[in-house]
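Below: one structure, written as structure tokens.
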Amino acid sequence: MIRIIGILAGLFFALGVLWSFATGAFTAATEGFGEETAEHAFHEYPAELDLASDGVLGTWDVPQLQRGFKVYQEVCSACHGLKFVAFRDLADLEYTEAEIKAIAAQFQVPGVDPDTGEAVMRAAGPTDYIPSPYPNAVAAAAANNNAIPPDLSLITKARHDGPAYVYSLLTGYSAIPEELKEEFPDFSTPPGLYYNRYFPNLNLAMAPPLTSAGQVAYEGGSPTIEQMSEDVAAFLTWTAEPTMAKRKSIGWPVLGFLLFATILAWLAKKQIWSGIKPVRKD
Amino acid sequence: MSFPWAQAYEPKTGLTRFLDERLPLPRFVYNAVGAGYPVPRNLNYMWNFGVLAGFALMLQIVTGIVLAMHYAPNALVAFATTEHIMRDVNWGWMMRYAHANGASFFFVVIYLHIFRGLFYSSYKAPREMIWLLGVVIFLLMMATAFMGYVLPWGQMSFWGAKVITGLFGAIPLVGEPLQVWLLGGFAPDNAALNRFFSLHFLLPFVIAGVVILHIWALHIPGSSNPTGVEVKGESDTVPFHPYYTAKDGFGLGIFLLVFMAFVFFLPNYLGHPDNYIEANPLSTPAHIVPEWYFWPFYAILRAFTQDIFFIPAKLLGVLAMFASILVWFFLPWLDKSPVRSGHYRPLFRKFFWFGLIPTMLVLFYCGGAPAEEPFVMLSQIATAYYFLHFLVILPIISSIERPQPLPYSITEAVLGSDKKPMLGENASPAV
């Protein structure tokens, strides 16, 4: 009885889904698989980027993180906050306590006047988090053509291949390619948006932030846009996971110990089973 | 209950003698996973995954309790407390990565455990109850994992919660009020997050309870084995300890090596980047996908795109998704072949390796892919085969198949010969 009900139920679901299949196949046969879109055809996966933090032995390149932080401070921080990064965390970048205090003091954060209790803006201290320049999301949207600049703390973990994505996005601005215009004459970049082949829908609300070599003054030279982009990508890799280098360095002893323990366990197993005739492979 | 030749527990010290007369816990452990539990001598490495699943459950409970000490289930701060754990809590990043990847590896071992059961027909008499409890554990695991994924309150948390609770909305008449009641609102928000946290804390202990029943039920008939021939005598078994504790110890080492490689070197590989974006009810992600371990079932859910008469496609998808797991409950009665092991069932074996396994892989792949062609059509064919396999093919092959000859006993399968009992001889175990 169970089997008869089962066969009927099985046929119900199988035929039901095949009915969906048949209609889908009919649509595909008569109309094809839907039209190709400009976003699908011209959006590119992030370019290759090699950072010191990559790979299983990756660690931080501290001078690069400092350069990246400088790019963040002078360019990105005009619109983007780092709300999960405290100024005290900059100690990882080998800034001294005095330097961190000085860096923090350049930022204003909401506070309370100790005498009157009124809400005021005060200079940030080491225990404050790196603030957004906007008091709230509405102000951010109003100042940016209705697009809210995202907080960058986790940006490299919140995108596929994040560090390469940041680097590619910063270097990926261009005019609309001729082939795209030919294939998709309807495609356009609305005013206030910028064509960028690494952004999923190709039109990005962020104006090109790095526009000329040497925009951020480095010690002993003027960096290219690629150099600044790479440095800020490295810095944002750190902000997304400041514990990464520690994690990777601890991983090896852990795996080493486990390998040793597993070999011992295997030898113990072999020893214990040696009194029993071998098991036929099944 | 155990085999008559099981080694008997003898308390040797003053303390264990004291305990044995009052609360015989050492005796209980000895008989459950010690030398007092005789196990077939021919178990292969597919029999490691039960112990590994138990280990994964304990690992999830331990890491989860520590995480709960630092996490706040409030929609305003949940995302921030998760980052607080990652950045400021000592070893918090390790706890969280171990817990997040621990869920994935729990499912890895549980899927292998289930597939072991399917291939060797571990669900057949007299082990139906073990199987039924196992399916209950799997359902509880799915609920627990789903609610746990909501807790960090990232974009996938929020939208996953919205999609999955939306399934209840497909139920006719009571669907929408039911959905609002379950969520405590019209969309996932603080009320939903709070109850998900509460249930996510509770359910692992319910799972632990059902696991105890699962193991209890296992100890009545004893473990199955790769030949599917029941234990006939003492020569067919070895004591669980030290033989299988040693073998499971080695398996545990391999498991931990792979698991820790993920925790320390690929901690976000199995997750979705969108979950590092804080939940935003106003911004829908381009592709909403659940965690990888739900992909096959998600593919079945999405495979139904056409209404059938008065049944809407969405309801069909929901019914099919639940049915795809509920069908496992009926396996002991659908598959009537007296032979258990797939090794001796030529027809079953063909459908298993060339039907079910590729179907599961296709469903897995399509469930993670965007809802576009050709993935939808592929998942439709696979869904049809999935139901046909369990509900039509399995009952039919179990009645028409001609199984290959079975060994007389486990001992014969292992050693090539066994002393067969003769007429009039007492059924004493062969030596």
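Restricting to segment B:104-128, and then to whatever is among the small types (Gly, Ala, Ser) and either open to solvent by 40 Å² or more (accessible area, probe 1.4 Å) or not in a helix (DSSP H, G or I) (or both), can you tell me which residue is farthest from B:Phe297 (Cα to Cα)? So the residue we want is B:Ala125. Under the condition of being part of a loop (DSSP other than H, G, I, E, B) and without any contact (Cβ under 8 Å) to a residue 40 or more places away in the chain, the residues counted in segment B:165-187 number 5. Considering each residue of segment A:230-245 in turn, at least one proves to be open to solvent by 50 Å² or more (accessible area, probe 1.4 Å), in a helix (DSSP H, G or I), away from chain B (no Cβ under 14 Å) and not hydroxyl-bearing (Ser, Thr, Tyr). None of A:Ala164, A:Ala207, A:Ala140, A:Ala158 is out of contact with any helix residue (DSSP H, G or I) (no Cβ under 9 Å at 6 or more places or on another chain) and within 14 Å of chain B (Cβ to nearest Cβ) except A:Ala140.
Conditions tested, residue by residue: (1) modelled with pLDDT of 90 or more; (2) polar (S, T, N, Q); (3) open to solvent by 60 Å² or more (accessible area, probe 1.4 Å).
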site	(1), (2), (3)
A:Asn145	no, yes, yes
A:Arg159	yes, no, yes
A:Gly172	yes, no, no
A:Ile176	yes, no, no
A:Ala207	yes, no, no
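Taking the criterion of being touching a helix residue (DSSP H, G or I) at 6+ places or on another chain (Cβ under 8 Å), more than 8 Å from chain A (Cβ to nearest Cβ) and open to solvent by 30 Å² or more (accessible area, probe 1.4 Å), the residues of segment B:364-384 that qualify are B:Phe364, B:Tyr365, B:Ala371, B:Phe375, B:Leu378. Name every residue in segment B:335-351 that is farther than 15 Å from B:Ala384 by Cα and aromatic (Phe, Trp, Tyr), in order of residue number. Of everything in segment B:335-351, those that are farther than 15 Å from B:Ala384 by Cα and aromatic (Phe, Trp, Tyr) turn out to be B:Tyr344, B:Phe348. Residues that are part of a helix (DSSP H, G or I), more than 9 Å from chain A (Cβ to nearest Cβ) and touching a Leu at 6+ places or on another chain (Cβ under 9 Å) within segment B:399-414 comprise just one, B:Ile400.
Counting only helices (runs of 4 or more DSSP H) that sit completely within segment A:1-108, those holding 3 or more residues that are in contact with a helix residue (DSSP H, G or I) (Cβ under 6 Å, 6 or more places away or on another chain) and free of Cβ contacts under 8 Å to residues at least 24 places away in the same chain correspond to A:2-31. Is it the case that segment A:5-18 has a residue that's surrounded by 16 or more Cβ atoms within 10 Å (Cβ to Cβ), more than 11 Å from chain B (Cβ to nearest Cβ) and among the β-branched types (Val, Ile, Thr)? No - not one qualifying residue is present in segment A:5-18.
This table checks each residue for (1) within 26 Å of B:His99 (Cα to Cα); (2) touching a residue at least 24 places away in the same chain (Cβ under 8 Å); (3) assigned to a loop (DSSP other than H, G, I, E, B); (4) open to solvent by 30 Å² or more (accessible area, probe 1.4 Å).
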site: B:Ser2; (1), (2), (3), (4): no, yes, yes, yes
site: B:Ala8; (1), (2), (3), (4): no, yes, yes, yes
site: B:Pro11; (1), (2), (3), (4): no, no, yes, yes
site: B:Arg17; (1), (2), (3), (4): no, no, no, yes
site: B:Glu21; (1), (2), (3), (4): no, no, no, yes
site: B:Leu52; (1), (2), (3), (4): yes, yes, no, no
site: B:Leu59; (1), (2), (3), (4): yes, yes, no, yes
site: B:Val62; (1), (2), (3), (4): yes, no, no, yes
site: B:Leu67; (1), (2), (3), (4): yes, yes, no, no
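Of all the listed residues (B:Asn90, B:Asn101, B:Asn48), the sole one being at pLDDT 95 or above, within 12 Å of chain A (Cβ to nearest Cβ) and in a helix (DSSP H, G or I) is B:Asn48.
Which ones in segment B:321-345 are over 21 Å from the mean Cα position of the chain (by Cα), surrounded by fewer than 16 Cβ atoms within 10 Å (Cβ to Cβ) and more than 10 Å from chain A (Cβ to nearest Cβ)? If the condition is that a residue be over 21 Å from the mean Cα position of the chain (by Cα), surrounded by fewer than 16 Cβ atoms within 10 Å (Cβ to Cβ) and more than 10 Å from chain A (Cβ to nearest Cβ), then B:Pro338 is the only one that fits. Inside segment B:188-201, residues that are open to solvent by less than 40 Å² (accessible area, probe 1.4 Å) and outside any helix (DSSP H, G or I) make up a count of 1. Within segment B:182-189, is there a residue that is more than 12 Å from chain A (Cβ to nearest Cβ) and among the aromatic types (Phe, Trp, Tyr)? Looking for residues that are more than 12 Å from chain A (Cβ to nearest Cβ) and among the aromatic types (Phe, Trp, Tyr), one finds at least one in segment B:182-189, hence yes.
Residue-level check: of (1) polar (S, T, N, Q); (2) surrounded by fewer than 20 Cβ atoms within 10 Å (Cβ to Cβ); (3) touching a residue at least 24 places away in the same chain (Cβ under 8 Å), A:Ser168 misses just (2).
The values are calculated or read from the model by the stated rules, or taken from the named source; none is laboratory data. Because the structure is predicted, anything quoted here is derived from the model rather than measured. When we count neighbours, we look across all protein chains shown, and the Cβ atoms used for this are built from the backbone with ideal geometry, even at glycine. Please note that ligands, DNA and RNA were not included when accessible areas were found on the heavy atoms of the full protein model with its side chains. Shrake-Rupley method; radii C 1.70, N 1.55, O 1.52, S 1.80 Å.
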